[in-house]
Amino acid sequence: MPRANELKKGSVVEIDGGVYIARDIEVRNPSARGASTLYKVRFFNVRDGRKLEQTLKGDEFIKEGNLSRHSVQFSYREGDLITFMDTENYSQYMLNAGALEDQAAYITEDLEGMIALLVDGEMVGVELPPNVTLEIVDTPPGNQSASASARTKLATLSTGLEVQVPEYLESGEFIKVSTTSGNFVSRA
């Protein structure tokens, strides 16, 4: 059983018989002497998306959730349903696009390193790799003059995601984007 101070974003726990994923963790250090560090955690139920906020002391134990992880790749999208294929046994899992929230903007056909989160054989979410490679499809032309500061401009990527990129990048180039922050990382 992990302690509250060992929780990380994406940790899976069981609370009152439901399986939850930790999405946001805020650490609070009280100023009183002898007071323990508090962790305000926002959990989301993996089945129905309900929010649950709890404030935990760092030494409190939390029960781990029963969740299995399988390597998958994107197969196709039909309406609001997205189908993924297990890369080991080729079984298919469907997931409603609403369950992915903002993760859908990073998923492409050739994306490798995705992990399906399964509860009782049913797909409830996806873990993305830390960085993905996407193509810039639209961005204003860059200014060729030299600048001492790093200037950026808005670029629209192949999935519709918009990010700030350095001014020297042009349409048609491939870049790496962080899936945790949504920021430009580097050229691909």
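Does region 144-156 contain any residue that is under 27 Å from ALA22 (Cα atoms), in a strand (DSSP E or B) and not small (Gly, Ala, Ser)? For region 144-156, residues under 27 Å from ALA22 (Cα atoms), in a strand (DSSP E or B) and not small (Gly, Ala, Ser): absent. Test ARG23 against the stated conditions and say whether it is over 15 Å from LEU117 (Cβ atoms) and surrounded by 14 or more Cβ atoms within 10 Å (Cβ to Cβ). So ARG23 fails the test.
Candidates VAL165, VAL137, VAL185: the one that is under 26 Å from ALA22 (Cα atoms) and among the hydrophobic types (A, V, I, L, M, F, W, C) is VAL185. Looking across GLY65, GLY10, GLY18, GLY58, one residue alone is touching a helix residue (DSSP H, G or I) at 6+ places or on another chain (Cβ under 6 Å) and either closer than 15 Å to MET123 by Cα or not hydrophobic (A, V, I, L, M, F, W, C) (or both). It is GLY58. For region 126-133, the criterion of a residue being within 18 Å of the chain's Cα centre (by Cα), closer than 26 Å to PHE44 by Cβ, charged (D, E, K, R) and not in a loop (DSSP other than H, G, I, E, B) is satisfied by at least one position.
For region 48-65, does any single residue satisfy the condition of being closer than 30 Å to ARG3 by Cβ, polar (S, T, N, Q), touching a Gly at 6+ places or on another chain (Cβ under 9 Å) and not assigned by TED's automatic domain parsing to the domain that holds LYS176? No; the residues of region 48-65 include none that is closer than 30 Å to ARG3 by Cβ, polar (S, T, N, Q), touching a Gly at 6+ places or on another chain (Cβ under 9 Å) and not assigned by TED's automatic domain parsing to the domain that holds LYS176. Restricting attention to region 29-54, the residues that are outside any loop (DSSP other than H, G, I, E, B), surrounded by fewer than 16 Cβ atoms within 10 Å (Cβ to Cβ) and touching a residue at least 24 places away in the same chain (Cβ under 8 Å) add up to 2. Candidates are the residues of region 154-168 that are within 17 Å of the chain's Cα centre (by Cα) and without any contact (Cβ under 8 Å) to a residue 24 or more places away in the chain; the one that is surrounded by the most Cβ atoms within 10 Å (Cβ to Cβ) is VAL163.
Summed over region 66-115, residues that are small (Gly, Ala, Ser) and assigned to a loop (DSSP other than H, G, I, E, B) total 3. Inspection of region 56-70 finds a residue satisfying the criterion of being under 23 Å from LEU111 (Cβ atoms) and at pLDDT 90 or above.
Looking at region 109-120, is at least one residue more than 22 Å from SER11 (Cα to Cα) and of a type outside the set (A, V, I, L, M, F, W, C)? Yes; the residues of region 109-120 include at least one that is more than 22 Å from SER11 (Cα to Cα) and of a type outside the set (A, V, I, L, M, F, W, C).
The values are calculated or read from the model by the stated rules, or taken from the named source; none is laboratory data. It should be emphasised that the depicted structure is a prediction, and the values quoted were computed from it without experimental measurement. Virtual Cβ from ideal backbone geometry, glycine too; neighbours counted across all protein chains shown.
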